[in-house]
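Heads up: the structure comes next, in structure tokens.
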Amino acid sequence: MSGAHENTVSELKIRPLHPALGAEVTGVDLARPLSPEIFEAIHQAWMQHLVLIFPRQAISDAQQIDFARQFGDLEVHHQDIIRSKSAPEIFSVSNVDDDGKLMDPGHKSVAQISLAQRWHTDSSFRPVPSMGSILHGLEVTAEGGQTWFTNMYNAFDALSEDQRQKIDGRKARHDFGHMATLAPIKPLSASEREAMPPVWQPMVRRHPVTGRKSLFISPIYNNAVEGMADNDAIALIAELAEFAGSDAFVYRHIWSADDIVMWDNRCTMHQVTPYDLGVRRVMHRATVMGDGPVIAG
Ligand code: OGA
Ligand code: MN
């Protein structure tokens, strides 16, 4: 972005990247405040494309936080291994510690962020799950470490009659502690468990802005479905996740340094592809709180 001039709507360009979801947004400098018109145009593009990519935005954590706050209040992560020391609203999605040192692949936070290699939607374990996440790629990997996004409206619309019947009117349990059973990491401490008791959420949700219905699962946290034996529930969640990950619904983002990627957690899932944990990957996330309980669809 060139120096002194203000953001203007006429320079904003939105370029769709995939038929299902994802669009690139250029002609705006996220380091600068957004006028109500630009904010509105970006919000509208977000609702339409679900995932927005803003290339070449070398912004500070404080500027990222200011940008994110325009969409709502921000979450502060309940675990100190994820929360950044310098800015509590920044989640450190990184294999590098606060002092800039590469962490051991066995480090608890590295093992935990590696679980993002499975489909999920952020903070679905909270009573009010997140609205959206805004991720800044500070140091990105040349190989692997792509982030894939899937359109859960489309996945819902394409479910078979049989799948629909299984989820209609049903709730799934979202349990932060379930994650610890999926990776070679220690079970959560009592205080970590108490901070996030499991919640039950409808498997079909209605988006508060678009009014559209989507499939709502988050496989790294789901460990039960109402009225089903646990084994059947896990199998159903796995089947739905695999279906939702079908090519037709997925945009695959290949990172360049200083991309800002913003996704709507209410109608998408995401996962990162494997990468060499011996190579630095530093991502800072600001997470916008949901503005109300999940609306059953
Ligand atoms: C996240 C996440 C994936 C990635 O920040 O919520 O899942 O590519 N990140 O780092
Ligand atoms: Mn995530």
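Bear in mind that the values in this text are calculations on the coordinates, not laboratory data. What you see is a predicted model, and the numbers here were worked out from it, not measured in a lab. Virtual Cβ from ideal backbone geometry, glycine too; neighbours counted across all protein chains shown.
Pairs meeting the criteria (first residue in segment 187-208 and of a type outside the set (S, T, N, Q), second residue in a helix (DSSP H, G or I), beta carbons under 7 Å, at least 6 apart or on different chains) are Pro187/Ala180; Leu188/Gly177; Leu188/Ala180; Arg193/Gly177; Met196/Phe176; Met203/Ile167; Val204/Phe156; Val204/Ile167. Pairs please, first residue from segment 11-35 and in a strand (DSSP E or B), second anywhere and among the hydroxyl-bearing types (Ser, Thr, Tyr), Cβ atoms under 9 Å, 6+ apart in sequence or on different chains. As it stands, the answer is Lys13/Thr26; Ile14/Thr26; Arg15/Thr26, since those pairs meet every condition given.
So that you can scan it fast, the table gives a plain yes or no per residue for (1) touching a strand residue (DSSP E or B) at 6+ places or on another chain (Cβ under 9 Å); (2) within 11 Å of ligand 2 (Cβ to nearest atom):
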{"site": "Phe91", "(1), (2)": "yes, yes"}
{"site": "Gly106", "(1), (2)": "no, no"}
{"site": "Ser109", "(1), (2)": "yes, no"}
{"site": "Ser114", "(1), (2)": "yes, no"}
{"site": "Pro129", "(1), (2)": "yes, no"}
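Among what's in segment 274-293 and is over 13 Å from Glu139 (Cβ atoms) and aliphatic (A, V, I, L, M), pick the residue that is farthest from ligand 1 (Cβ to nearest atom). The residue in question is Met289. In segment 173-216, which residue that is in contact with a helix residue (DSSP H, G or I) (Cβ under 7 Å, 6 or more places away or on another chain) and not in a loop (DSSP other than H, G, I, E, B) is nearest to Ala244 (Cα to Cα)? In this case the residue turns out to be Leu215.
Of the residues making up segment 143-151, at least one is out of contact with any Lys or Arg (no Cβ under 8 Å at 6 or more places or on another chain), outside any helix (DSSP H, G or I), farther than 30 Å from Ala224 by Cα and within 14 Å of ligand 1 (Cβ to nearest atom).
Yes/no per residue for (1) in a strand (DSSP E or B); (2) under 27 Å from Gln146 (Cα atoms); (3) within 16 Å of ligand 2 (Cβ to nearest atom); (4) not basic (Lys, Arg):
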position: Ala241; (1), (2), (3), (4): no, yes, yes, yes
position: Leu277; (1), (2), (3), (4): no, yes, no, yes
position: His284; (1), (2), (3), (4): yes, yes, yes, yes
position: Gly290; (1), (2), (3), (4): no, yes, yes, yes
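Scan segment 247-270 for residues that are within 9 Å of ligand 1 (Cβ to nearest atom), touching a Gly at 6+ places or on another chain (Cβ under 8 Å) and assigned to a strand (DSSP E or B) and the total you get is 3.
Of the set (1) crowded, with 20+ Cβ neighbours inside 10 Å; (2) over 30 Å from Phe67 (Cα atoms); (3) under 21 Å from the mean Cα position of the chain (by Cα); (4) not acidic (Asp, Glu), all apply to Pro198 but (1).
Residues are listed down the side, and each one gets a yes or a no for (1) without any contact (Cβ under 8 Å) to a residue 12 or more places away in the chain; (2) in a helix (DSSP H, G or I); (3) out of contact with any helix residue (DSSP H, G or I) (no Cβ under 7 Å at 6 or more places or on another chain):
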site: Gly100; (1), (2), (3): yes, no, yes
site: Pro105; (1), (2), (3): no, no, yes
site: Ala116; (1), (2), (3): no, yes, yes
site: Ser123; (1), (2), (3): no, no, yes
site: His136; (1), (2), (3): no, no, no
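Out of all the residues in segment 211-239, which are within 25 Å of Gly292 (Cβ to Cβ), surrounded by fewer than 18 Cβ atoms within 10 Å (Cβ to Cβ) and out of contact with any Lys or Arg (no Cβ under 9 Å at 6 or more places or on another chain)? Answer for segment 211-239, where residues must be within 25 Å of Gly292 (Cβ to Cβ), surrounded by fewer than 18 Cβ atoms within 10 Å (Cβ to Cβ) and out of contact with any Lys or Arg (no Cβ under 9 Å at 6 or more places or on another chain): just Gly211.
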